[in-house]
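First comes the structure, then the notes that go with it.
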Amino acid sequence: MKAPRLEIKLNQLQHNAKKLIENLALQGISITGVSKATMAMPEIVNIWINAGIHSIGESRIENIESINKVNNRVRTLLTRIPMLSQVDQVVSQASISCNSELSVLNALAGAAEKQNLRHGVLLMVELGDLREGILPKDLNEVVKQVMNLPNLELIGIGANLGCQNGVAPDQKNMNELSLIMNTVEADFKIKLEWCSGGNSANLPWLTAGGKPDRLNHLRIGEALLLGREPLTRTIIKGLYTDAITLVVEAIETKLKPTTPWGIQYQTSFSDAPSKQNQKSNDDRNEIFDSRILLAIGEQDIDPSGLKADGIEIKGASSDYLVVSSSQNTLKVGCEQRFSLNYSALLRAMTSPYIKKYFVN
């Protein structure tokens, strides 16, 4: 097989999906499988659906279009707030979209009316992570206007935590979301389908005994793919963490001094060294260690998200990953395997230079 490549074990991904569905169902919670890190790869979407995931979430409408070409019956959720320039496309392709802006909601209603379609709306509320969401005090006014717009259906109230500032879901903010849900239903005399509490970051709180109350829906990506929760990168019991592996080829292996020489400034992917480091250093360090160049770089992956036993990552440029091996066994042409975090996986999946292979 060619390198660099991602090796993907579908049986392990299916196991993760079934296990999470089973565990969360005990607490009355269903899952939208967020496939954005895989660019809606149909093989993965299909095994999630076969495992029992009832809807697929995507942040790019282009990926939802790809899903519809393979399976136009599955419910789809656009997890990123729609762009005004894409409302026609959003309505025609996505079953539901996350929303927080009245101008966008008005445009979605117009597009849905023009296409004679009904479009679902998940209104996002801000609970402290300071990414998307309507402030709770303003929510009722937005709900009132949505209820009066043609061809829109209010599916539920949602929140997102852990992604922007790492604010953890806990009993306090999930109780606040439940109270908001109850208030909206009581004030407007309606029954909403989803109280969507967040993402994989909710799992530690639930595992520790958190009481969901009205929470009945999560948008899960990282836990399904990597078997970990995003707040502390802790392994989720019973899930595979090696369902997806990065394999890279060595293209130079040498012993080199441990420190650079010459005057140092900034590189393409780092800030400038401090003033004291910008002096000339003509003394070449006589301490040597292995320096291995791997055929992958910042254009393809997030180097900080890679991990392998016995390998220390020294740095990266556009096209090279520079590592040192405590084993000193990597020769030119040899392959090195890495586990990935979510950031590294996301970039690797979207790189056209990294091949994707399904393995048993």
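Assorted remarks:
- Just one of (1) closer than 16 Å to residue 84 by Cα; (2) of a type outside the set (Lys, Arg); (3) outside any helix (DSSP H, G or I) fails for residue 107. It is (3).
- Scanning segment 126-152 for residues that are within 17 Å of residue 187 (Cα to Cα) and touching a residue at least 24 places away in the same chain (Cβ under 8 Å) yields a total of 9.
- Cβ-Cβ under 7 Å pairs, at least 6 apart or on other chains, segment 332-360 side under 23 Å from residue 291 (Cα atoms), far side of a type in the set (Asp, Glu) and modelled with pLDDT under 95: none
- Out of 57, 120, sole residue that is farther than 24 Å from residue 14 by Cα and either more than 18 Å from the chain's Cα centre (by Cα) or assigned by TED's automatic domain parsing to the domain that holds residue 35 (or both): 120
- Pairs with Cβ under 7 Å, 6+ apart, first in segment 296-312 and assigned to a strand (DSSP E or B), second surrounded by 14 or more Cβ atoms within 10 Å (Cβ to Cβ) and among the small types (Gly, Ala, Ser): 306/344; 307/339; 311/325; 312/324
- Residue list for segment 150-177, filter: assigned to a loop (DSSP other than H, G, I, E, B) and closer than 20 Å to residue 230 by Cα: 159, 160, 161, 162, 163, 164, 165, 166, 167, 168, 169, 170
- Segment 223-235 - residue that is touching a residue at least 40 places away in the same chain (Cβ under 8 Å) and aliphatic (A, V, I, L, M) and, of those, surrounded by the most Cβ atoms within 10 Å (Cβ to Cβ): 225
- Here 113, 126, 132 are screened, and the one residue that is at pLDDT 95 or above, more than 21 Å from the chain's Cα centre (by Cα) and not small (Gly, Ala, Ser) is 113.
The values are calculated or read from the model by the stated rules, or taken from the named source; none is laboratory data. Worth saying up front: this structure is predicted, and the values here are computed from it rather than measured. Counting neighbours? That spans all protein chains shown, and the Cβs are built from the backbone with ideal geometry, glycine included.
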